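J.: Before I ask anything, let me first share the structure, which is written out below as structure tokens.
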Amino acid sequence: MIRAYKDFWKNYFKFSGRTTRASYWWALLWNVIIVSVLGVVAGITAGNKYADIASWDFAGANMVAVTAFVLYNIYLIVTIIPWLSMEYRRFNDAGVPKWLYAAAPFAATIGVVSSYIVTGASVPQWIKWVSYALNFVIFVVSLLPTDDDDEY
């Protein structure tokens, strides 16, 4: 369990090889726990100032809430590359064609990033649906068993 999370960080830029289904899900669990703790700490300590903090207005906010919020966002940014590399290795492990990997995370990431970048404006509904569909593809691939082909 902890080894999977360590491997997640050790293989930061490794876009070759394989990641087993178990390693993928253990790393995901650790990341969900870390993000949840930071989010809960930021939310609880911020109180009614959370909306201001989420819009990066720190005036009058609790320092613990601001720190947790900033750490939360830094953690999310820092884990982008290891997630992409781990998903690539998971696609390899499941024997999924590389072209599908090229399409799925790229388009899914665009959908998520566009919803954060475009504040105040609405993201077109079709972008959200494409993002949802491609994230579903990633989810299905993450559930596939190991392909015994030794190509990777």
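The values are calculated or read from the model by the stated rules, or taken from the named source; none is laboratory data. Not measured: the values here are computed from a predicted model. Please note: Cβ atoms are built from the backbone with ideal geometry, for glycine as well, and neighbour counts cover all protein chains shown.
J.: Any idea which of (1) among the aliphatic types (A, V, I, L, M); (2) closer than 15 Å to Y75 by Cα; (3) surrounded by fewer than 16 Cβ atoms within 10 Å (Cβ to Cβ); (4) at pLDDT 90 or above is the one A27 doesn't satisfy?
T.: (3)
J.: Output the qualifying pairs, or none if there are none: Cβ atoms under 6 angstrom, residues six or more apart or on different chains, first residue in the stretch 11-32 and on the phi > 0 side of the Ramachandran plot, second residue assigned to a helix (DSSP H, G or I).
T.: Close Cβ pairs (under 6 Å, with a partner that is assigned to a helix (DSSP H, G or I)) amount to G17/R89.
J.: Got a sec? Which of V130, V137, V112 is at pLDDT below 65, at negative phi, not in a loop (DSSP other than H, G, I, E, B) and not acidic (D, E)?
T.: None of the others qualify; the one that does is V112.
J.: So, in the stretch 1-24, how many residues would count as being assigned to a helix (DSSP H, G or I) and either buried (at least 18 other Cβ atoms within 10 Å of the Cβ) or among the aromatic types (F, W, Y) (or both)?
T.: Within the stretch 1-24, residues that are assigned to a helix (DSSP H, G or I) and either buried (at least 18 other Cβ atoms within 10 Å of the Cβ) or among the aromatic types (F, W, Y) (or both) number 7.
J.: Scan the stretch 47-79 residue by residue and report those that are at pLDDT below 85 and surrounded by fewer than 15 Cβ atoms within 10 Å (Cβ to Cβ).
T.: Across the stretch 47-79, the qualifying residues are G47, N48, A51, A54, S55, W56, D57, A59, G60, M63, V64.
J.: Another question, if that's okay. For residues that are of a type outside the set (D, E, K, R) and under 19 Å from L29 (Cβ atoms), scanning just the stretch 80-93, find the one that is surrounded by the fewest Cβ atoms within 10 Å (Cβ to Cβ).
T.: In this case the residue turns out to be I80.
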